[in-house]
1. Mind telling me which of the residues Glu26, Glu56 ends up being farther than 21 Å from Ser168 by Cα and in a helix (DSSP H, G or I)?
2. Among the candidates Leu15, Leu69, Leu31, which residue alone is modelled with pLDDT of 95 or more, within 17 Å of Gly164 (Cβ to Cβ) and within 14 Å of the ligand (Cβ to nearest atom)?
3. Might you let me know whether region 124-136 holds any residue that is part of a loop (DSSP other than H, G, I, E, B) and aliphatic (A, V, I, L, M)?
4. Take the residues in region 44-66 that are near the ligand (Cβ under 7 Å from one of its atoms) and buried (at least 16 other Cβ atoms within 10 Å of the Cβ), then tell me which one is farthest from Thr197 (Cα to Cα).
5. What pairs can you find where one residue is in region 146-168 and more than 8 Å from the ligand (Cβ to nearest atom), the other is among the acidic types (Asp, Glu), and their Cβ atoms are less than 6 Å apart, with a gap of 6+ or different chains?
6. Name the residue, out of Gly143, Gly137, Gly164, that is on the phi > 0 side of the Ramachandran plot and surrounded by 16 or more Cβ atoms within 10 Å (Cβ to Cβ).
7. Does Lys140 qualify as being outside any helix (DSSP H, G or I), of a type outside the set (Phe, Trp, Tyr) and closer than 24 Å to Ile269 by Cβ?
8. If you take the residues in region 72-121 that are near the ligand (Cβ under 9 Å from one of its atoms) and among the polar types (S, T, N, Q), which one is surrounded by the most Cβ atoms within 10 Å (Cβ to Cβ)?
Amino acid sequence: MPLPKNNERNRMKILVTGASGLLGQELCPMLDSIGAQYWATNSKIFDITNAKMVNEIMDKVSLDFIIHLAAFTNVDQAEVNQEEAFRINHIGTKNMAKIAKKLDVPIIYISSASVFDGEKLTPYKTTDATNPINVYGKSKLMGEEEIRKITKKHYIIRTSSLYGKGGSNYVDAMLTYSMFNTSISVVDDQILCPTWTRDLSKEIINILSGGKEYGTYHICSSGRTSWSEFTKKIFDIKRRSVFVQPILKSDFPRPAKRPKFSVLDNGNILPSWEESLEKYLLQK
Ligand SMILES: NC(=O)c1ccc[n+]([C@@H]2O[C@H](COP(=O)([O-])OP(=O)(O)OC[C@H]3O[C@@H](n4cnc5c(N)ncnc54)[C@H](OP(=O)(O)O)[C@@H]3O)[C@@H](O)[C@H]2O)c1
């Protein structure tokens, strides 16, 4: 996708960072459908941690919006490679916020339920205190803080456990697993709201259309589930005969701590996780 040029005056011009990722691959075709002109970037052509390069490129373009999806998203690897996680999620996001401010354009930043510690028993509101318990969550929160500090024209969207077409994700991994296995042990004491990238992308399009005030939002599926219940539902919908054995988080130690409860209060903006999962799986 070419760099947006100044001469196409009637189309919204958007820079998308992290366009090659799971969310970007669902969102970008939708930008086509609203007639936007967008520049879909990845780490090779637009490294958000390289402030000099980012500035040089941005001096040559005219933009109306920045959609900042690029991130270090491997939660366990973030513990091992902390410097890289902070460099991308904190410094890279700071660079993008500065560019948005310099060009005077709004920026959409996708953050995560991981900014919370998971100790609450009811869904997290946007006003609840943050307290991340792993490096990924800390680095995403530092990104949020830079955005708020640098530019008022921001939309910070916290979401949770994405799945969708075009990238590695839990739902597709389970379908592949079910082709070769008849049982699986899955954590049952970790509660979440798994979210379809298509549902989230529609809300991003809504923002581009002027549908929301600047600020922080929680956009995820409605309802809640555990990883084991979610996994059972995937197999049920696709009629796969795989026995799901519920286990405790403590039976499955991983490098990064996981919050026990990652449910966001979303004001029921999206359908239930069951409804969206069914739609996603039926079209596969
Ligand atoms: N996936 C989830 O469950 C989840 C949940 C909550 C929030 N989020 C947030 O949602 C956003 C999108 O997530 P995703 O799952 O689509 O991510 P993803 O599939 O892991 O893709 C990450 C994207 O970031 C790009 N990137 C990485 N380092 C970069 C750099 N230094 N400069 C420029 N681009 C770089 C990658 O480019 P390359 O292809 O070149 O590596 C890729 O396009 C992220 O901000 C993430 O934190 C995700």
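The values are calculated or read from the model by the stated rules, or taken from the named source; none is laboratory data. Computed from a predicted model, the values in this text were never measured in an experiment. FYI the Cβ positions are ideal-geometry reconstructions off the backbone, even for glycines, and counts take in every protein chain you see.
1. Values: Glu26 fails: farther than 21 Å from Ser168 by Cα.
Only one candidate qualifies: Glu56.
2. Working: Leu15 fails: within 17 Å of Gly164 (Cβ to Cβ); Leu31 fails: within 14 Å of the ligand (Cβ to nearest atom).
Being modelled with pLDDT of 95 or more, within 17 Å of Gly164 (Cβ to Cβ) and within 14 Å of the ligand (Cβ to nearest atom) holds for just one of Leu15, Leu69, Leu31, which is Leu69.
3. So in region 124-136, the residues part of a loop (DSSP other than H, G, I, E, B) come out as 125-134.
Going one step further and asking which of them are aliphatic (A, V, I, L, M), we end up with 129, 133.
Yes, region 124-136 contains at least one residue that is part of a loop (DSSP other than H, G, I, E, B) and aliphatic (A, V, I, L, M).
4. If we take residues in region 44-66 being near the ligand (Cβ under 7 Å from one of its atoms) and buried (at least 16 other Cβ atoms within 10 Å of the Cβ), then Thr49 is farthest from Thr197 (Cα to Cα).
5. Hits for this filter: Ile156/Glu144; Gly164/Glu26.
6. Gly164 is the lone residue from the list that is on the phi > 0 side of the Ramachandran plot and surrounded by 16 or more Cβ atoms within 10 Å (Cβ to Cβ).
7. For Lys140, the condition - outside any helix (DSSP H, G or I), of a type outside the set (Phe, Trp, Tyr) and closer than 24 Å to Ile269 by Cβ - is not met.
8. Asn89
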